[in-house]
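Read through the structure below, which is laid out as C-alpha cells, and then see the notes.
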Amino acid sequence: MKNKWTRIICVLFLIASIIPLMTGCWDQRLIKESRLILAVGLDLAPNGKIRDTVVYPVVNKPSQAVAMVKSVVVTSTGDTPRDARFNLDKKVSQMFDASRNRIFLFGEKLARKDMYSSLDVIYRDPRGSVNAMVAVVKGQAKKGLEIQPQDSTLLDIYYPELIRSASNIGLYDIETVQSICTLMFDEGNDYLLPYLKISEKQQRASVIGTAMFHRNKMTGSLNGRESTLLLLLKNVKNPYPRFTFKISKRQEINEKNYMTILVNDIERKMKINISHNQKVHVKLNLEMDVNVNELPMDHLDNPKKAIKLDRLLSREMNNLAKKTIKKMQKANCDELEIGKKIRAFHNSDWKRMNWDKDYSKITIEPNVKVMITQHGIIN
C-alpha cells in the first residue's frame with residue numbers, strides 16, 4: 001500500500017512540474033485585434049520610395065439581418081517595404097496582419113528595377129504569406145487595387161480567380177512568393193508572371209500576356225499567343241490552350257478568314273549540341289494534335305484541304321515560335337531551362353560559359369508540326 005501511494009505522489013509531482021512549462025509565453029495574435037490584409041500592391045513612387053497599397057475587409061454593422069463585408073484600400077510610402085508598412089500601421093486603428101494575403105501585385109517600374117528587395121521582408125517573416133500569387137501590372141499596382149469589379153466584391157477573390165482562369169487556357173504556370181524564390185537565384189532557369197492591364201473605365205483587370213523575368217528583374221513581356229506557345233515549347237500543357245490564326249484574305253465576311261484550334265496533345269523533344277568552341281545549337285521539335293473549335297469555311301471532310309490546313313497552321317506556328325524565341329533571348333529570359341539542362345548534362349561546358357551573356361547568342365531552332373485530329377461533329 002505504501003509503494004502504491006509513493007507512485008501516485010511521484011506522478012502528481014511530475015505533472016505539477018510540467019504544467020508551468022506548458023503555460024509559458026505564447027505569441028498569439030487574435031483576429032479581432034488585427035486588420036487582415038488580403039491583397040497587396042507595391043509600386044515605385046516618383047521620389048524613389050516604395051508605395052505600399054493594401055486591401056483589408058471590414059464588416060459593417062448589419063442594418064437588418066445580414067452583415068455586409070466591404071474592401072478598404074489604404075496607401076502609404078516609405079524608404080523600404082517594411083518602412084512603408086510601418087507607416088500604414090499609423091493610419092488604422094489596429095495593426096496589419098499580412099499572413100492571410102492571397103495576391104501580390106507589382107507595378108511594372110518596380111518589377112523592372114528589383115523585385116526581390118520587396119519580397120525579402122516576407123521571406124524573413126515566419127508568418128509571411130509565401131503562398132500568395134504574384135502578378136505584374138502594366139502601370140501602377142495601386143490602380144489595380146482601387147477598381148471595383150461588378151462580379152466580385154472582394155479583390156482577394158477576384159484576382160486569384162482571374163489568374164487561375166488565364167492559367168487554364170495555357171498562358172502561364174501559376175507562381176507564388178515561395179516558388180519564385182529559388183528561381184531568382186537558380187542559374188539557367190528563369191520564369192514568367194501574369195501581366196495585367198487595368199481598365200478604370202470598365203473597373204476590371206485583364207491578363208494581356210506574361211512578364212518575362214531574369215533573376216530578380218522584369219526584362220520584357222509576351223502577348224497571349226506567344227505566352228501560350230512558349231509554355232508548349234517548354235513541354236507544359238494546361239487544360240485549354242487555344243490559338244486563332246488568319247488563314248485567308250479572300251472571304252467577304254471577315255470572320256470566315258479565321259480559324260480557332262484547341263491543343264489536345266503535344267510531344268516535345270529538345271536536343272542540345274555544343275561544339276568544341278562553345279557554340280550552342282538547340283533543336284526544338286514540337287508535334288501538336290489539335291481540335292478545330294471554329295472554322296466557318298469548313299470542308300475538313302476533304303483530305304487535301306485538311307492537309308493544306310495542317311501545313312498552313314504549322315507554318316504559322318513556326319513563325320510565331322521564332323518570334324517568341326527572339327523576344328526571349330533579347331530579354332535574356334531562359335524560360336525553356338536550356339541553361340539548366342546544359343548545367344546538368346554538359347557540366348564541363350557549363351563551367352566555361354557565362355550564361356548571362358552567352359544565352360542571347362545561342363541558336364535555338366524550332367520545328368513545330370500541327371496535325372488536325374478532331375474537327376467537331378460537322379462532316
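The values are calculated or read from the model by the stated rules, or taken from the named source; none is laboratory data. The structure presented is a predicted model; accordingly, all values stated were derived computationally and were not measured. Virtual Cβ from ideal backbone geometry, glycine too; neighbours counted across all protein chains shown. For the accessible areas, the whole protein counts, side chains as well, though only heavy atoms, and no ligand, DNA or RNA atoms are used. Shrake-Rupley method; radii C 1.70, N 1.55, O 1.52, S 1.80 Å.
Structure notes:
- Solvent exposure, largest accessible area first (probe 1.4 Å, DNA, RNA and ligands not counted), of 333, 181: 181, 333
- With 0.36 nm allotted per residue and the present C-alpha distance subtracted, the residue 49-residue 131 stretch has 26.9 nm of extension available.
- Average accessible surface area per residue within region 170-246, 1.4 Å rolling probe, Å²: 39
- Region 273-379: trypsin sites (Lys or Arg not before Pro) falling in loop per DSSP and having at most 13 other Cβ within 10 Å: 279, 352
- Of the trypsin sites (Lys or Arg not before Pro) in region 193-267, those whose Cβ has at most 14 other Cβ within 10 Å and which sit in DSSP loop: 201, 249, 250
- Percent carbon-and-sulfur accessible area, the chain, ignoring ligands, DNA and RNA, probe 1.4 Å: 52
- Between the helical axis of 224-233 and the longest alpha-carbon principal axis of the chain there is an angle of about 90 degrees.
- Annotated for region 145-294: lysine pairs at least 8 residues apart or interchain, Cα distance under 29 Å, count 26.
- Selection from 176, 277, 130, by position along the positive dipole direction of the chain (Cβ): 277
- Mean separation of Cα contacts under 8 Å (6+ apart) over length of the chain, as relative contact order %: 12
- Acute angle (nearest 10 degrees) that the helix 2-22 long axis makes with the longest principal axis of the chain, alpha-carbon atoms: 60
- Principal-axis tilt of helix 155-168 within the chain, Cα atoms, nearest 10 degrees: 30
- Against the criterion of solvent-accessible heavy-atom surface with a 1.4 angstrom probe, 72, 136 sort, most first, into 72, 136.
- Among 368, 59, 130, the sequence by solvent-accessible area, most first, with a 1.4 Å probe is 59, 130, 368.
- Vicinal HN-Hα couplings computed from phi for region 119-124 (Karplus, 6.51 cos²θ - 1.76 cosθ + 1.60; Hz; Gly/Pro x): 8, 4, 5, 6, 5, 8
- Anisotropy class assigned to region 74-131 is oblate, per the alpha carbon gyration tensor with a/c at or over the 1.5 cut-off and a/b no larger than b/c.
- Taken one residue at a time, the phi angles of region 243-248 give Karplus couplings (6.51, -1.76, 1.60, θ = phi - 60°) of 9, 10, 10, 8, 10, 7 Hz. Gly and Pro are set to x.
- 20 Å cut-off, amide nitrogen to a point 7 angstrom out along residue 82 Cα→Cβ, residues in region 96-118: 96-101, 114-118
- The modelled label-to-label distance for the pair residue 311/residue 235, using points 7 Å beyond Cα in the direction of Cβ, is 3.1 nm.
- Note on residue 373 and residue 273: the model spin-label points, each 7 Å out from Cα along the C-beta direction, lie 2.9 nm apart.
- For region 303-313, backbone phi angles converted through the Karplus equation (6.51, -1.76, 1.60; θ = phi - 60°) give residue-by-residue couplings of x, 5, 6, 5, 5, 4, 5, 4, 5, 5, 5 Hz, Gly and Pro being listed as x.
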